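First comes the structure, then the notes that go with it.
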Amino acid sequence: MSFSHIDDQGRARMVDISQKQRVRRTAVAEGKLFVSAQTAELIRSQRLPKGEPFEVARIAGIQAAKQTSRLIPLCHDISLDFVDVQIELSGTAWQIRSTVTCRWATGVEMEALTAVSVAALTLYDMCKAVDKQMSIGEIRLVSKQKLS
């Protein structure tokens, strides 16, 4: 098995995409932040010490998607056309879902995953004063599409 980010000498390298055609690409990722029932109630009643967390986390996720190449060394710097982050409290878990679209020569999976991850971390930060048992999990790529 060969890896696209490893050269013949075993060194890390950025993949050369200069010969690839630019096409529309979309990736969807999701993840969860699990909180206590008490924290979920504080959120529902808008009584968190740091304020309403959803919009802060949504914007953080969008901003993170745009910064992915600065966080992950071998990712290409991609001009994104669309980033959306949806957050919904369901029971005692935040459901976080991101959709990222571009017209480029490489996919946007890492940008979608980064958006979800940073949104989850932001929610964690917003709630850490009241919940020491939170956990982030189930971050995964749901789908990716390439439209010629």
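The values are calculated or read from the model by the stated rules, or taken from the named source; none is laboratory data. Fair warning: this is a prediction, and the values are worked out from it, not measured in the lab. All Cβ positions, glycine included, derive from the backbone under ideal geometry; neighbour counts span all protein chains shown.
Please list, ordered by residue number, the helices (runs of 4 or more DSSP H) wholly in the stretch 1-103 having 2 or more residues that are surrounded by 14 or more Cβ atoms within 10 Å (Cβ to Cβ) and not hydroxyl-bearing (Ser, Thr, Tyr).
Correct list: 37-44, 53-66.
What are the pairs with Cβ atoms under 9 angstrom where one residue, in the stretch 1-20, is under 20 Å from Ile72 (Cβ atoms) and the other, located anywhere, is surrounded by 10 or more Cβ atoms within 10 Å (Cβ to Cβ) and of a type in the set (Phe, Trp, Tyr)? Sequence gap at least six, or different chains.
Ile17/Trp104; Lys20/Trp104
Here is a yes/no grid of residues against (1) more than 12 Å from Ala60 (Cα to Cα); (2) in contact with a helix residue (DSSP H, G or I) (Cβ under 7 Å, 6 or more places away or on another chain); (3) not in a strand (DSSP E or B):
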residue	(1), (2), (3)
Met110	yes, yes, yes
Ala119	no, yes, yes
Ala129	yes, no, yes
Gln133	yes, no, yes
Val142	yes, no, no
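Has the stretch 21-32 got any residue that is touching a residue at least 40 places away in the same chain (Cβ under 8 Å), over 30 Å from Trp104 (Cα atoms) and of a type in the set (Ser, Thr, Tyr)?
For the stretch 21-32, residues touching a residue at least 40 places away in the same chain (Cβ under 8 Å), over 30 Å from Trp104 (Cα atoms) and of a type in the set (Ser, Thr, Tyr): absent.
Does Arg44 fit the bill of being charged (D, E, K, R), at pLDDT below 95 and touching a strand residue (DSSP E or B) at 6+ places or on another chain (Cβ under 9 Å)? Explain how you work it out, then say what you get.
Details: charged (D, E, K, R): yes; at pLDDT below 95: yes; touching a strand residue (DSSP E or B) at 6+ places or on another chain (Cβ under 9 Å): yes.
In short, yes.
Give the residue, chosen from Ala119, Ala129, Ala57, that is in contact with a Lys or Arg (Cβ under 8 Å, 6 or more places away or on another chain), farther than 18 Å from Ala27 by Cα, touching a residue at least 24 places away in the same chain (Cβ under 8 Å) and of a type in the set (Gly, Ala, Ser).
Selected residue: Ala129, the only one of Ala119, Ala129, Ala57 that is in contact with a Lys or Arg (Cβ under 8 Å, 6 or more places away or on another chain), farther than 18 Å from Ala27 by Cα, touching a residue at least 24 places away in the same chain (Cβ under 8 Å) and of a type in the set (Gly, Ala, Ser).
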